[in-house]
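*Asks:* Submitted below is the structure of interest, expressed as structure tokens.
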Amino acid sequence: MRSGFVTLAGRPNVGKSTLVNALCGRKVSIVSNKPQTTRTRVRGVLTRHDAQLVLVDTPGLHKPVTALGQRVNATALESLDDVDAVCLVLDATAPFGRGDEWVARHVEPARCIVVLNKIDAVSPDTVVAQLGAAAALDAAAYFPVSARTGTGIGVLVDHLVTLLPEGPKYFPDDEISDLAEDTWVAELVREQLLAVTRDELPYSIATRVTEWEWPRIRCEIVVERESQKGMVIGKRGAVLKEVGQRVRRQLPDGAYLELFVKVDKDWQRRPDRVERLGY
């Protein structure tokens with residue numbers, strides 16, 4: 001039996017969370033087309049008859065301009081330590097550049113597995129060119145994959161398992177994530193808000209469950225300005241209603257979800273508020 005931890009790191013929006021979900025075969029991280037969707041460390045668990053692979057999804061590394069940005073960067077960098085390997089995820093649809101090189105400098109080449117994601121969206125020639133550019137990193141291995149279609153996922157999993165030491169399972173066979181139930185529901189609410197609301201809102205939204213008395217769940221949506229509160233609620237509550245419906249479809253039958261919107265001025269620029277919101 002082999003068991004161990006592999007961190008997925010990279011710039012924002014390269015598809016790390018989608019890749020973790022594909023590797024686990026189940027949804028364990030929220031996803032959206034907005035950069036920096038992932039704000040905290042999320043562990044997804046893949047258990048096979050011969051191995052247990054714990055995949056650590058991390059926030060995208062970027063140049064922070066707020067207290068929230070500094071916190072999520074620190075979380076990502078801390079996740080590179082004390083793991084058996086690091087997958088440096090690159091975006092096949094974007095040029096290999098200084099941002100990727102900066103992330104790579106935080107990873108030992110001997111532990112670095114370059115994963116070129118989104119190959120379904122580019123030509124084979126582009127895949128070859130991107131892998132050629134990434135060869136300068138001198139990583140231990142290179143894998144072209146598509147988290148969306150599943151291409152290359154099985155081969156990548158098999159390789160990652162070979163990097164794990166012999167050892168016992170860290171999680172029960174039926175466990176697929178280390179997220180607490182209330183945190184998972186709050187993340188689902190934020191995921192659907194990102195899908196429904198306008199572009200200017202994503203970084204200003206935080207969510208947390210404040211009451212849990214099954215089947216009743218109360219989730220608080222925090223925004224930074226009064227004008228954003230109206231955007232989240234929508235005309236006659238339309239946005240909030242749609243978000244609630246989308247989330248309920250992903251919860252067990254009978255769940256009763258209440259959504260409330262609160263203004264906390266400039267919360268993402270205030271370290272004490274960032275910490276209080278769980279980041």
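The values are calculated or read from the model by the stated rules, or taken from the named source; none is laboratory data. Since we're looking at a predicted model, the values are computed, not measured. Heads up, the Cβs are rebuilt from the backbone with ideal geometry, glycines too, and the neighbour counts pull from every protein chain shown.
*Asks:* Restricting attention to helices (runs of 4 or more DSSP H) lying wholly within segment 168-279, give those where 3 or more residues are hydrophobic (A, V, I, L, M, F, W, C).
*Replies:* Fully inside segment 168-279 and qualifying: 181-196, 226-233, 238-248.
*Asks:* Now, a different point. Please state which of the following conditions Ala134 fails to meet, knowing it meets all the rest: (1) in a helix (DSSP H, G or I); (2) buried (at least 18 other Cβ atoms within 10 Å of the Cβ); (3) at pLDDT below 95.
*Replies:* The failed condition is (3).
*Asks:* Being closer than 23 Å to Lys27 by Cβ, surrounded by 13 or more Cβ atoms within 10 Å (Cβ to Cβ) and touching a Pro at 6+ places or on another chain (Cβ under 6 Å) narrows it down to one of Ala255, Ala206, so name that one.
*Replies:* Ala255
*Asks:* In segment 90-131, what residues are touching a Leu at 6+ places or on another chain (Cβ under 9 Å), modelled with pLDDT of 95 or more and β-branched (Val, Ile, Thr)?
*Replies:* Of everything in segment 90-131, those that are touching a Leu at 6+ places or on another chain (Cβ under 9 Å), modelled with pLDDT of 95 or more and β-branched (Val, Ile, Thr) turn out to be Ile113, Val114, Val115, Val127.
*Asks:* Take Arg198 and tell me if it is surrounded by fewer than 19 Cβ atoms within 10 Å (Cβ to Cβ), of a type in the set (Lys, Arg) and under 21 Å from Arg71 (Cα atoms).
*Replies:* So Arg198 fails the test.
*Asks:* Now a separate question. List every residue pair whose Cβ atoms lie under 7 Å apart, where the two residues are 6 or more positions apart in sequence or sit on different chains, the first residue falls within segment 30-56 and is more than 30 Å from Glu166 (Cβ to Cβ), and the second residue, located anywhere, is hydrophobic (A, V, I, L, M, F, W, C) and in a loop (DSSP other than H, G, I, E, B).
*Replies:* Partner pairs satisfying both residue conditions: Thr37/Ile30; Thr37/Val31.
*Asks:* Restricting attention to segment 1-26, which residues are farther than 17 Å from Leu61 by Cα, in contact (Cβ under 8 Å) with a residue 40 or more places away in the chain and not in a strand (DSSP E or B)?
*Replies:* Within segment 1-26, Met1, Asn21, Ala22, Leu23, Cys24, Arg26 meet the criteria.
*Asks:* Another question, then. For segment 77-100, check the following and say yes or no: at least one residue is under 17 Å from Phe143 (Cα atoms), in contact with an Asp or Glu (Cβ under 8 Å, 6 or more places away or on another chain) and assigned to a helix (DSSP H, G or I).
*Replies:* no
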